[in-house]
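Participant: I have a structure I would like to understand better, so I am pasting it below and will then ask my questions one at a time.
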Amino acid sequence: MRKSKYHFKFEELGIYSKAMEFGEVVNSLGNKFPKQERFELTSQFKRAADSIALNIAEGSAGTDKQFHYYLGNAWYSAHECISCSSKAQMRNYISVEEDEENRRLIT
């Protein structure tokens with residue numbers, strides 16, 4: 001991720017950086033899905049993956065209790081990504097190896 005002269009504390013979190021990277025992995029994978037999935041599984045997978053980092057960033061601005069709530073939402077989105085990845089593999093949009101890599105990255 002590029003460094004900006006305008007810095008936010010959540011950008012220092014390793015989990016945030018990993019979530020940002022995972023969103024880009026999913027975006028690249030989703031671009032390989034068939035066009036008929038563009039508004040279906042592709043969209044759902046990309047939104048869930050992006051939601052992980054977005055929830056971390058959003059929650060970091062609040063209290064510890066609020067942050068934990070948003071981390072929970074990020075965790076739920078991560079689980080949603082596992083289901084999306086499994087569906088994509090079952091439909092032969094991604095390989096077994098790509099599904100395994102997604103699982104590793106989420107873990």
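Participant: Suppose only helical runs count, i.e. DSSP H with n ≥ 4. What mean residue ellipticity at 222 nm does that imply for the chain under -39500 (n - 2.57) per run, divided by all residues and rounded to the nearest 500 deg cm²/dmol? Don't skip to the answer; put the middle values down first.
Facilitator: On the way: 4 runs with 74 residues, N = 107.
The per-residue figure over the chain is -23500 deg cm²/dmol.
Participant: Using only Cα positions of the chain, each an equal point scatterer, no hydration layer, compute I(q)/I(0) via Debye at q = 0.14, 0.17 Å⁻¹ and quote the log10 values to two decimals.
Facilitator: -0.56, -0.77
Participant: Shifting gears a bit: How high is the relative contact order of the chain, in percent, with contacts defined as C-alpha pairs under 8 Å that are six or more residues apart?
Facilitator: Computed value for the chain: 25 percent relative contact order.
Participant: Something else: Students often check this: by mean Cβ neighbours within 10 Å, which of 77-84, 65-72 ranks highest, and how do the rest follow?
Facilitator: Order by mean packing, descending: 77-84, 65-72.
Participant: A further question on this structure: If we sort 93-104, 47-58, 19-30 on the protection proxy, mean other Cβ atoms within 10 Å, highest first, what's the order?
Facilitator: 47-58, 19-30, 93-104
Participant: Roughly what would the spin-label model give for Trp75 and Arg104, points 7 Å off Cα along C-beta, in nm?
Facilitator: Modelled inter-label distance: 2.5 nm.
Participant: Relative to the present Cα-Cα distance, how much length would full extension add between Lys35 and Ser17 at 0.36 nm per residue of separation?
Facilitator: Extra length from Lys35 to Ser17 when fully extended: 3.5 nm.
Participant: Please report, as a whole percent, how much of the solvent-accessible surface of the chain comes from carbon and sulfur atoms (probe radius 1.4 Å).
Facilitator: 54
Participant: Any idea of the accessible area per residue across the chain, 1.4 Å probe, to the nearest Å²?
Facilitator: For the chain, the per-residue accessible area is 68 Å².
Participant: If you don't mind, there's one more thing I want to ask. Going by a ≥ b ≥ c, the root eigenvalues of the Cα gyration tensor, does the range 59-102 fall in the rounded group (a/c under 1.5), the prolate group (a/b larger than b/c) or the oblate group?
Facilitator: Cα axes put the range 59-102 in the prolate bin.
Participant: State whether the range 30-80 is rounded, prolate or oblate according to the following rule on the C-alpha gyration tensor (a ≥ b ≥ c being the square roots of its eigenvalues): a/c under 1.5 gives rounded; otherwise a/b larger than b/c gives prolate, and the remaining case gives oblate. Walk me through the numbers before you get to the answer.
Facilitator: Values: a/c = 4.62, a/b = 3.27, b/c = 1.41.
Because a/c hits 1.5 or more and a/b exceeds b/c, the range 30-80 counts as prolate.
The values are calculated or read from the model by the stated rules, or taken from the named source; none is laboratory data. Predicted model, so just to flag it, every value in this text is computed and none were measured. Note that we place each Cβ from the backbone using ideal geometry, even for glycine, and neighbour counts take in every protein chain shown. Accessible surface areas use protein heavy atoms only, side chains included; no ligands, DNA or RNA. Shrake-Rupley method; radii C 1.70, N 1.55, O 1.52, S 1.80 Å.
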